[in-house]
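The values are calculated or read from the model by the stated rules, or taken from the named source; none is laboratory data. Not measured: the values here are computed from a predicted model. When we count neighbours, we look across all protein chains shown, and the Cβ atoms used for this are built from the backbone with ideal geometry, even at glycine.
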Amino acid sequence: MTLTKLSFHRQTDFDKVREFLIETYKLTGTFQNWIPSMFENAWRGPCGEGEYQDEEDDYIKIWENQEKHIVAVTICKSSGECRIFIHPDYRDYERT
């Protein structure tokens, strides 16, 4: 199965990624991926006090399957810190 990597645009994609995190939590019952509030804090800062820079969108990529469903989200910062949030049915892709 082919996955497509897409750029993240906070204004249009934030809610989609948040819904993806909620969906994966419902499926697994675990926090293998971030809880939605952690993703929100990356944008707004703790308690809504952060100042998000639009350039930070470049660190986030959305991975979709052929049906245009989000199956993973990656965050790779310039510091080298990387995170992957992945749908449980697509865990094999973590190794590639």
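Consider THR4 carefully, then state whether it is at pLDDT 90 or above, within 14 Å of TYR90 (Cα to Cα), exposed (fewer than 12 other Cβ atoms within 10 Å of the Cβ) and touching a strand residue (DSSP E or B) at 6+ places or on another chain (Cβ under 8 Å).
Taking the combined requirement at face value, the residue satisfies it.
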For this session: Answer yes if at least one residue in region 53-68 is modelled with pLDDT of 90 or more, under 17 Å from HIS9 (Cβ atoms), out of contact with any Lys or Arg (no Cβ under 8 Å at 6 or more places or on another chain) and of a type in the set (A, V, I, L, M), and no otherwise.
Result: yes
Seminar exercise, completed: Restricting region 69-96 to residues that are farther than 15 Å from LEU3 by Cα and of a type in the set (D, E, K, R), the one modelled with the lowest pLDDT turns out to be LYS77
For this session: Kindly check whether there is at least one residue in region 73-92 that is without any contact (Cβ under 8 Å) to a residue 24 or more places away in the chain, farther than 15 Å from GLU23 by Cβ, of a type in the set (Asp, Glu) and in a loop (DSSP other than H, G, I, E, B).
Result: yes
Exercise. Within region 23-37, can one find any residue that is surrounded by fewer than 16 Cβ atoms within 10 Å (Cβ to Cβ), modelled with pLDDT of 90 or more and within 13 Å of the chain's Cα centre (by Cα)?
Worked result: yes
For this session: Show the residue pairs that are 6+ apart or on different chains and have beta-carbon atoms under 9 Å apart, the first residue being within region 24-36 and within 20 Å of ASP13 (Cβ to Cβ), the second being among the basic types (Lys, Arg) and not in a helix (DSSP H, G or I).
Result: ASN33/ARG83; TRP34/ARG83
For this session: Please state which one of GLY50, GLY45 is on the phi > 0 side of the Ramachandran plot, surrounded by 12 or more Cβ atoms within 10 Å (Cβ to Cβ) and modelled with pLDDT under 90.
Result: GLY45
